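Everything below concerns the one structure shown next.
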Amino acid sequence: MSIAEKFLTEDAERTAEQLRYTGAADLVIGIPSLKEADNIAFVAEQVDEGARKYFPDARTVIVNVDNNSPDGTREAFSAARMVCPSIYLSTPEGMLGKGNNFYNLFRAAEVLNAKAVVAVDADLRSVSPEWVYRIATPVLEHGCDYVAPYYSRNEYDGTITNHLCYPLLHGLLGNDVRQPIGGDFGLSAKLVHHALEQDWQQSTREYGVDIFLTMNALLGDFAICQTGLGAKIHKPSAPKLGPMFLQVVTTLFNYLCDSMDTWRERKVLEDPRSFGDLTLGEPQGLAVDYKAIKRQAMAEYQERRDRIKDSLHPETFSILDPMMKHDRILIDTRCWTYVLYDMLHAFDRSGRDPEVVAGLRPLFFSRVASFIRDTIDLTSPESEAMIVNQAKEFRRSRDYLLDQYDGTPRQAE
């Protein structure tokens, strides 16, 4: 039996029977988790209140999709003060991955015949009942298939979003979704069904699931929007950046390579439809260790230097290599644009070699270190403006990548 035909649980038949016993639902709210016993009850109670307050006539089911957490996440979820029906689903022991949790959530939504799915991270400290309204309303009342979050985040939080996913999607797909891997989404039944029909590769079953959903929405002719959620306050993602980087980038690069014939023709930049207040307020405070990031980048660069050299345009490498040799890392926006486009092209021409993605990681951390150095004395709005301008540079320079595919690579300026 294929992955698209069963739940990822110890007993798929029992899981399906449990859901059928619960009955149909208009709205399913999913909370993916791994070892979130300290916070999941708070999240569950907030979304429960939101569902009852803003959708009193809808039948809502709250589902905790877990990775068999050993810290008491299941017990904490079950003890939360909820009025809406709630279900706990878990992958088998030893099977981890946020994507596996989403897969179980989507299967549950189909069994429950849900009209809309809302997913919120289990580590959120800023989630409120209003988040349910703001995420679900565009799907239930305005015909949207995919609702991306729009919130203020510390400029040093979400670095994979800021310096990789957002600029690439803005530059190549021409869609200005600011938080393509924010973690808090709304989906229609149509998009849920479409997602389940796709090939869930290993990276998709892990942290690559957020960009997997965004790419399917962008490439599948679905109605997309953004909704204002205020500030995102959660546990810092830095401790997970190693595996997260490889899984997210592998998923993103695979989709970009597969869909080149589609995105190369997208000449016009599209602003997604917006709901709620998109004014960015004061973000969460966050301490960063610039020196540690820089040390990690330089050490890993030396380990992978030969492969990086093979992947980059010679002129791009000639700019980058002296920085890394002499401990003077300063990768500006223009240089980063060439680096990322070079590495995407190298990934494609190598036959999707994962070592190319591994070689990109020290360059990514070098870009993050450079950005910290450039913005350390700036305000959050000023730093946000630099992130947006970086995405615009990717849009202006997209012909640099297209020319490489056409056999006439331009020289880096």
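Can you find a residue that is closer than 30 Å to residue 257 by Cβ, of a type outside the set (A, V, I, L, M), part of a loop (DSSP other than H, G, I, E, B) and at pLDDT 95 or above anywhere in the stretch 160-177? There is no residue in the stretch 160-177 that is closer than 30 Å to residue 257 by Cβ, of a type outside the set (A, V, I, L, M), part of a loop (DSSP other than H, G, I, E, B) and at pLDDT 95 or above. With respect to the conditions (1) exposed (fewer than 14 other Cβ atoms within 10 Å of the Cβ); (2) closer than 27 Å to residue 234 by Cα, residue 325 falls short on a single one, namely (2).
Is at least one residue of the stretch 301-309 closer than 13 Å to residue 356 by Cα, touching a residue at least 12 places away in the same chain (Cβ under 8 Å), β-branched (Val, Ile, Thr) and surrounded by 13 or more Cβ atoms within 10 Å (Cβ to Cβ)? Yes, the stretch 301-309 contains a residue that is closer than 13 Å to residue 356 by Cα, touching a residue at least 12 places away in the same chain (Cβ under 8 Å), β-branched (Val, Ile, Thr) and surrounded by 13 or more Cβ atoms within 10 Å (Cβ to Cβ).
Does the stretch 239-260 hold any residues that are modelled with pLDDT under 90 and either surrounded by fewer than 18 Cβ atoms within 10 Å (Cβ to Cβ) or not in a helix (DSSP H, G or I) (or both), and which are they? Passing the criteria: 239, 240, 242, 243. In the stretch 319-348, the residues that are free of Cβ contacts under 8 Å to residues at least 12 places away in the same chain reach residues that are part of a helix (DSSP H, G or I) with C-beta atoms within less than 8 angstrom, at least six apart or across chains, in these pairs: 328/322.
A search for C-beta distances below 9 Å between a residue of the stretch 199-211 that is not assigned by TED's automatic domain parsing to the domain that holds residue 184 and surrounded by 24 or more Cβ atoms within 10 Å (Cβ to Cβ) and any residue that is among the β-branched types (Val, Ile, Thr) and at pLDDT below 95, counting only pairs 6+ apart in sequence or on different chains, returns nothing. Checking the condition modelled with pLDDT under 95 and touching a Lys or Arg at 6+ places or on another chain (Cβ under 9 Å), which residue from 382, 355, 393, 413 passes? Result: 413 is the single residue among 382, 355, 393, 413 that is modelled with pLDDT under 95 and touching a Lys or Arg at 6+ places or on another chain (Cβ under 9 Å). For the stretch 261-287, a residue qualifies if it is farther than 28 Å from residue 227 by Cβ and either in a loop (DSSP other than H, G, I, E, B) or small (Gly, Ala, Ser) (or both), and the qualifying residues are 264, 265, 287.
Are any residues in the stretch 100-153 part of a strand (DSSP E or B) and more than 18 Å from residue 226 (Cβ to Cβ), and if so, which ones? Passing the criteria: none in range. Residues of the stretch 322-345 that are charged (D, E, K, R) and either within 21 Å of the chain's Cα centre (by Cα) or at pLDDT 95 or above (or both): 332, 334, 342. In the stretch 288-298, which residues are in a helix (DSSP H, G or I) and either in contact (Cβ under 8 Å) with a residue 40 or more places away in the chain or surrounded by 14 or more Cβ atoms within 10 Å (Cβ to Cβ) (or both)? 290, 293, 294, 295, 296, 297, 298, listed by residue number. Look at the stretch 143-159: where a residue is at negative phi and a partner is of a type in the set (Asp, Glu) and at pLDDT 95 or above, sitting 6+ places away or on another chain with Cβ atoms under 7 Å, you get 149/184.
The number of residues in the stretch 159-194 being surrounded by fewer than 23 Cβ atoms within 10 Å (Cβ to Cβ) and among the small types (Gly, Ala, Ser) comes to 4.
Of a type in the set (Ser, Thr, Tyr), farther than 29 Å from residue 374 by Cα, modelled with pLDDT of 95 or more and not in a strand (DSSP E or B): is that true of residue 227 in this structure? Walk me through how you get there before you give the answer.
Values: of a type in the set (Ser, Thr, Tyr): yes; farther than 29 Å from residue 374 by Cα: yes; modelled with pLDDT of 95 or more: yes; not in a strand (DSSP E or B): no.
In short, no.
A count restricted to the stretch 18-41 and to residues that are more than 17 Å from residue 187 (Cβ to Cβ) and not acidic (Asp, Glu) stands at 14.
Against the condition surrounded by fewer than 18 Cβ atoms within 10 Å (Cβ to Cβ) and at pLDDT 95 or above, how does residue 348 come out, does it pass? No.
Where strands (runs of 3 or more DSSP E) sit wholly within the stretch 2-99, those with at least 2 residues that are closer than 23 Å to residue 129 by Cβ and aliphatic (A, V, I, L, M) occupy 27-33, 60-66. Within the set 57, 48, 26, 11, the sole residue that is out of contact with any helix residue (DSSP H, G or I) (no Cβ under 8 Å at 6 or more places or on another chain), at pLDDT 95 or above and surrounded by fewer than 21 Cβ atoms within 10 Å (Cβ to Cβ) turns out to be 57.
The values are calculated or read from the model by the stated rules, or taken from the named source; none is laboratory data. Keep in mind the model is a prediction, meaning the values are calculated, not measured. Neighbour counts are summed over all protein chains in view; Cβ atoms, including those assigned to glycine, are modelled from backbone coordinates with ideal geometry.
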